[in-house]
Structure formats: structure tokens, C-alpha cells
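Visitor: Okay, here's the structure, questions in a sec.
The values are calculated or read from the model by the stated rules, or taken from the named source; none is laboratory data. This one's a predicted model, so the numbers in the text were calculated from it and none came from an experiment. Note that we place each Cβ from the backbone using ideal geometry, even for glycine, and neighbour counts take in every protein chain shown. What goes into the accessible areas is simple: the full protein's heavy atoms, side chains included, and nothing from ligands, DNA or RNA. Shrake-Rupley method; radii C 1.70, N 1.55, O 1.52, S 1.80 Å.
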Amino acid sequence: MKTGNITALADTDSMGTVSMYLAMGWIMAGFMVIIVCSTAAPMVMGLPTLLPLLGGWSSAMSAVVWLIAGPLVGAVHGHFLPLFGVGAVAICSTALFTTIFVRLLGMLAVLPVIAVLMFLGVPASNGAMSIYMEPEMFRVLHEVLPTPAAVESVRSILYFDADTVGTHLTTFAVWGVISLVVVILIDRSRPRRPDAALPVGTEN
């Protein structure tokens, strides 16, 4: 039986893992901005302030991740616009998902967010190991979690002319929109006090 590559790996990605590391940069950027802001700058956590902040942060960090993976490290060649666009959507979606748990649990949000995005998301990502070598549970999660969507988006852009990116953008959109709705419902059910956004020690 003859075998062959549909698209050969780049010389700078002989193991085919660049897509996973680039996607992890997006996921971590979305997760960390909410964790850091919730403790260091709680005054920006209200949605009217947070949403514009996330728009700027997502765009900036998507560009930074590409800059590191591309010109600085040389692991990615070109593809700036599609990687930049998908990266910004992935970062924003991840940040909104993290916001749900920060609203509910405070700093303990780290636990469920890491569980979903890392402990479940990385094995289900088809990045470091083929999804067909893993238990059925991870094959199911591969179709719905944002981390696999990020990995497959990068792979699709780098090697297959972005043929499946639309599907993965839909995954990010679903996670982002549902997360935003949940945050809005949480805020309406538990109105923030006028002084709730002030750092500790600044109250009169």
C-alpha cells in the first residue's frame, strides 16, 4: 500500500506540533488577561469596560503570538492575516469563558478553566498525539472544545488553505456568545455594588 503526504510539513515543524504551541498561545492569552485583571485591576471587569478591553487585547496578543512564532522563532512563515483574525477570535472567546468562572468563583476560577481548556482540551486537541490513538471521550471533546478548535484552525491555515476554519470559527462563536450571555445573566442576578470595582483599601 502506497502512502504519501497530502501536504508536507515545513522543515521548521518536522513533528507537526507548531499548530499546538501557537494555539496554546491564544488560549493562554485569553485565560490570563481575565485572571490578572480580576485581581490587579477589578475596576475594568464590568462589561462596558471589559468588552472594549478584550477587543484591543485580543488583537494585540494575536499579533504578538504571530510575531513570536513567525519572524522571531521562524516556526511559521507568512499567513499573518488568517492567523491574526482567528487568533483574535479565539483569545476573546476564551476570555469570555473565563469571565463566567471569575464572576462565580473569584480566583478559584483557575481550577475549572484549566480543567476544561488544558486537562481536557490539550489531549482532545489532536496536537501532540493523534486523536485516533486516544479514548473515545477525547474524540467527542475534539468536536466541541475551544482548544481543539484553535489547534485545527492553525493546522488548516498553515497546510490546507484554511479549508475548515469556518467550522472552527463557529465553535469559538458559540463559546463566546454563550459565555457572554451567561456573564450578563450573572451580572443581572447579582448587581455589582458601586464600590465593588474598587481595589481593596481605596474605599472611603
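Visitor: Any idea how many residues of the range 106-132 are closer than 22 Å to residue 19 by Cβ, in contact (Cβ under 8 Å) with a residue 12 or more places away in the chain and not β-branched (Val, Ile, Thr)?
Guide: Looking only at that region, the number is 10.
Visitor: Write out, first by first residue and then by second, each pair whose Cβ atoms fall under 7 Å of each other, whose residues are 6+ apart or on separate chains, and whose first residue, in the range 90-105, is without any contact (Cβ under 8 Å) to a residue 24 or more places away in the chain while the second is open to solvent by less than 20 Å² (accessible area, probe 1.4 Å).
Guide: Listed pairs, sorted by first residue: 101/109; 101/113.
Visitor: Could you tell me which residue of the range 22-60 is farthest from the chain's Cα centre (by Cα), considering only residues that are closer than 14 Å to residue 90 by Cα and among the hydroxyl-bearing types (Ser, Thr, Tyr)?
Guide: 59
Visitor: Would you point out which residue out of 100, 68 is crowded, with 19+ Cβ neighbours inside 10 Å, in a helix (DSSP H, G or I) and of a type in the set (A, V, I, L, M, F, W, C)? Step through it out loud before you land on a result.
Guide: Details: 68 fails: crowded, with 19+ Cβ neighbours inside 10 Å.
Of the residues listed, the single one that is crowded, with 19+ Cβ neighbours inside 10 Å, in a helix (DSSP H, G or I) and of a type in the set (A, V, I, L, M, F, W, C) is 100.
Visitor: When both residues are 6+ apart or on different chains and their Cβ atoms are under 8 Å apart, which pairs have a first residue that lies in the range 133-148 and is surrounded by fewer than 13 Cβ atoms within 10 Å (Cβ to Cβ), and a second that is not acidic (Asp, Glu)?
Guide: Close Cβ pairs (under 8 Å, with a partner that is not acidic (Asp, Glu)) amount to 144/171.
Visitor: Please determine, by comparing only the residues of the range 71-97 that are among the β-branched types (Val, Ile, Thr) and crowded, with 17+ Cβ neighbours inside 10 Å, which one is nearest to residue 18 (Cα to Cα).
Guide: Step one: filter the range 71-97 for residues among the β-branched types (Val, Ile, Thr), giving 73, 76, 86, 89, 91, 94.
Narrowing further to those that are crowded, with 17+ Cβ neighbours inside 10 Å: 76, 86, 89, 91, 94.
On the way: 76: 8, 86: 16, 89: 19, 91: 18, 94: 20 Å.
For the range 71-97, the residue satisfying everything is 76.
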